[in-house]
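First up is the structure itself, then whatever we jot down about it.
The values are calculated or read from the model by the stated rules, or taken from the named source; none is laboratory data. These figures come from a predicted structure and were not determined experimentally. All Cβ positions, even for glycine, are placed from backbone atoms using ideal geometry, and neighbour counts span all protein chains on display. Heads up: the accessible areas ignore ligands, DNA and RNA and are worked out on the full protein's heavy atoms, side chains in. Shrake-Rupley method; radii C 1.70, N 1.55, O 1.52, S 1.80 Å.
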Amino acid sequence: MNTTIAGYHIKDQVYEGHHSLVYRGQEEEKSQFVILKLLKQGHPSPRQLAAFRHEYQLLCSLQLPGVIRA
């Protein structure tokens, strides 16, 4: 796999949507398994950024086992 994200070892791509990519990986420092979602575009529109930020805020508010806190 040719995707590199500093601090993470990328295991594989889980999903590819129209605007985003989702990867399964492992944090190098803590060896914790993670799911990373990235926007495809280097310069997304304000609307895409707002939707991505909203999703992030929703995920941060979840208090469930297995959900990693950002």
- Pair list, Cβ under 9 Å, 6 or more apart: the stretch 55-70 residue over 13 Å from Ile35 (Cβ atoms), other residue open to solvent by less than 100 Å² (accessible area, probe 1.4 Å) and at pLDDT below 70: Cys60/Ala70
- Across the stretch 21-43, what is the number of residues that are over 13 Å from the mean Cα position of the chain (by Cα) and modelled with pLDDT under 90? 6
- Taking interchain pairs and intrachain pairs at least six residues apart, which have beta carbon atoms under 9 angstrom, with the first residue in the stretch 18-44 and on the phi > 0 side of the Ramachandran plot and the second assigned to a loop (DSSP other than H, G, I, E, B) and modelled with pLDDT of 90 or more? none
- Message: When you check Lys11 against the structure, is it closer than 22 Å to Pro65 by Cβ and modelled with pLDDT of 90 or more, yes or no?
- Response: yes
- In the stretch 32-55, what count of residues is obtained for those that are within 19 Å of Val14 (Cα to Cα) and touching a strand residue (DSSP E or B) at 6+ places or on another chain (Cβ under 9 Å)? 11
